[in-house]
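Asker: Structure in structure tokens, see below.
The values are calculated or read from the model by the stated rules, or taken from the named source; none is laboratory data. Because the structure is predicted, anything quoted here is derived from the model rather than measured. No Cβ is skipped: glycine too gets one built from the backbone with ideal geometry, and neighbour counts run over all protein chains shown.
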Amino acid sequence: MFIEVATKKLVSYEDIKRQFQNISFSLNIDVAFLKTLGFEVVLTDNYPSDIPFGSTVIRSEPFLDGETWRRTYSIVNLEDTLVEFVDEQNNTVTVEQQVTTMLEETKRQLLTYLAAERFKFETKGILINGMLFGTSRENQSTITSIYSAAIINPSIVIDWKIDGGWIKLNATQITELAQATANHVQRSFSIEKILHELINAASTFSDLRAIDFSAHFIEE
């Protein structure tokens, strides 16, 4: 990246070549030659790592450090400051303005993550009398069908496949399976609803950090 010293405008090498189309530029960047045209190299620090949750990275405007033009990065707590900075579109905004955008985006991402976690929990199966029964969407549909059959024919006995092999289920056992599956699915969505409402109600990053996702999607 380069800076046009007269205007303090950041430009790329391609921008400079387009600006001076009557000049034949070498394939390798000739910094000394660019200086004669009024451009200087801008050195940019490495992007910070380990950025704390609830913080943002602000990149400074180019400044002259001795004889070198530089840009630096600063980590700013989004809740503790109203520092102004220039965003990527060269708009001057405050951290307060950016925190609203970042908070809403974080909430959107958390809601997507939450839905995925609910689906994973919903479809991972349930234990009944030490046996694991599947609760995938296909399993749920099949269980609903055999439950309807058990209501029509109370003397029904069916073959059912689980991870450990084949078992037989009578109407009472089918009803138990159907009820347990329905309870498990409902619990999955009820947990998602609780967390969904907590995320939507969050007005700060501290509110989001206080939500304990791991404590909810566990077996009772």
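Asker: Quick check, is L132 closer than 30 Å to N77 by Cβ and either buried (at least 16 other Cβ atoms within 10 Å of the Cβ) or in contact (Cβ under 8 Å) with a residue 24 or more places away in the chain (or both)?
Answerer: Answer is no for this residue.
Asker: From the list I146, I211, I199, pick out the single residue that is surrounded by 11 or more Cβ atoms within 10 Å (Cβ to Cβ) and over 21 Å from T112 (Cβ atoms).
Answerer: I146
Asker: In addition: Evaluate segment 208-215: report whether one residue or more is assigned to a helix (DSSP H, G or I) and either closer than 30 Å to N77 by Cα or in the same structural domain as T56 (by TED's automatic domain parsing) (or both).
Answerer: So far as segment 208-215 goes, yes, one or more of its residues are assigned to a helix (DSSP H, G or I) and either closer than 30 Å to N77 by Cα or in the same structural domain as T56 (by TED's automatic domain parsing) (or both).
Asker: Hey, can you tell me all the residues within segment 157-196 that are surrounded by fewer than 14 Cβ atoms within 10 Å (Cβ to Cβ), over 23 Å from A115 (Cα atoms) and among the hydroxyl-bearing types (S, T, Y)?
Answerer: Correct list: T172 only.
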